[in-house]
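Every number in this text was worked out from the coordinates using simple rules, so none of it is lab data. Remember, it's a predicted structure, so these values are computed and weren't measured experimentally. Don't worry about glycine lacking a Cβ; one is built from the backbone with ideal geometry, like all the others, and counts go over all protein chains shown.
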């Protein structure tokens, strides 16, 4: 066949099959993506570092192996980009921070090593916010990545360059990171698939969120795939799962028939009201699921106070990232986090101030106390999943929003249903499930009235990753699946 631009938008599984059958060569696929980057990336600004010479050499070697009938891996010859927060041997990796502007790692992050071992060819790095700390993708070195559906809007963050590259056909797939929604927001905002694994089942070493980062695995943070199909997510998760060490966890097998699953739908809540444009798209997707015969309970909720759980989650996440924060930010986090949770006006306080956080003075005992509180929340979630296989929940309370780079995380605001809301509210729905270590899959489910992609998170019990992926894939099929941006 003559390779056409359409191939750039195929799922990875389809590209793999075409390479194995000799329909396209590894070098042809690589050159197609490079050509698209040359044409589109100057405006999109998703891919910010390249190793084209090395990638071309590896692609030719991959084609030679096929010609010679040598054994090949499940991602043989597939060209990919990698989020710039993940260490990539021999290729500049900065975490979006100028302190690491010339950093050339001597080793690969565990997930990068896994896909290379499977045969993938890394040819570039994708943009992100400084130290992966925002729901946008901009930094002083590389500038701003825009949403491939609307250049005036953000692609989500922190894996914004990653999701934009996958959506626009510049990379076969990507590996994102997620501690507060950094896979789920970009997948939703760019109209692609993303999977946040159960915490601990995928190794997360090699993640640069501060100058000396990469050596340990942070609490709550996970690494997971971003792709153009649910089949890709499942294939990639199987390649990424931890193969050894004390945290190896057995994932539950996928369901035989997703239409037999019992699903809950928690689409809105007073603790973080959702914009009517977002709700409408989510509601239509759930209705499609019901019309397909799946049992959906729109009233069921876990016995969890979302306000308290999200506040606790914020504390745990800030404790996990505190070593990467600059001194001036640490000073702002010197707050009575436990006291805030005990205040009679806690709900109003937490809604209007980004201050329920750990600090540089947090002790290990403080963390153990909070971890014990989290276990109570996790037990409540486990009880809920005794009755349900999955729950559908919002990701963002607003659609993809206009670029918003003034101020900082604690001072920015967003407009929801005509009212001003704290920017930090973006964390509420995603942190509610992330802090409990639960898997969450993001499928493309449709567009709002402005033509912007909207999605939700399909959340399951710990270890239920294949169930959430299969269900998310089914929902996406009902709603038209991945679509290439204009």
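Nearest 10 degrees, 0 to 90: what angle lies between the long axis of helix 276-291 and the longest principal axis of the chain (Cα atoms)?
Helix 276-291 sits roughly 70 degrees off the main axis of the chain.
Can you give the extra length, in nm with one decimal, that the chain gains between residue 387 and residue 89 once fully stretched, where that is 0.36 nm per residue apart less the Cα-Cα distance?
Value of the extension gain: 102.7 nm.
For the pair residue 53/residue 98, report the inter-label distance in nm, with labels modelled 7 Å from Cα in the Cβ direction.
2.9
Measure nothing but the geometry: give the 0 to 90° angle between the long axis through the Cα atoms of 364-384 and the longest principal axis through the Cα atoms of the chain, rounded to 10°.
Once rounded, the angle reads 80 degrees.
Residue 35 to residue 290: FRET efficiency via 1/(1 + (r/R0)^6), r the Cβ-Cβ distance, R0 45 Å, to the nearest 0.05?
The formula returns an efficiency of 0.55 here.
Give the calculated FRET efficiency between residue 140 and residue 68 to the nearest 0.05, with a Förster radius of 60 Å applied to their Cβ-Cβ distance.
0.80
Hey, fewest Cβ within 10 Å first, where do 236, 251, 44 land in order?
With the sparsest Cβ surroundings first, the list reads 251, 44, 236.
Just to be sure I understand, if you calculate Kirkwood radius over Cα pairs in Å for this structure, which of [x] 24.5; [y] 22.3; [z] 23.6 do you get?
After the calculation, the listed value that fits is [y].
Counting only Cα, what are the radius of gyration and maximum Cα-Cα distance Dmax of the range 354-486, in Å?
17.6, 52
Compute the whole-percent fraction of alpha carbon pairs in the range 58-140 spaced more than 18 Å apart.
Roughly 47 percent, rounded to a whole number.
What is the spin-label model distance, in nm, from residue 43 to residue 248 if the labels are put 7 Å beyond Cα along the C-beta direction?
With each label placed 7 Å out from Cα toward Cβ, I get 5.0 nm.
Shape of the range 363-440 from its Cα gyration tensor (a ≥ b ≥ c, root eigenvalues): rounded if a/c is under 1.5, otherwise prolate when a/b > b/c, or oblate?
In terms of gyration-tensor shape, oblate.
Quick check for you: which residues of the range 186-209 have the amide N under 13 Å from the point 7 Å beyond the Cα of residue 106 toward its beta carbon?
No residue passes the distance filter.
Can you figure out the FRET efficiency of residue 365 with residue 257, using R₀ = 45 Å and their beta-carbon distance, to the nearest 0.05?
0.40
What is the helix-to-structure angle for 465-479, meaning the angle in degrees between its Cα long axis and the longest Cα principal axis of the chain, kept from 0 to 90 and rounded to the nearest 10?
Here the helix axis deviates by roughly 80 degrees.
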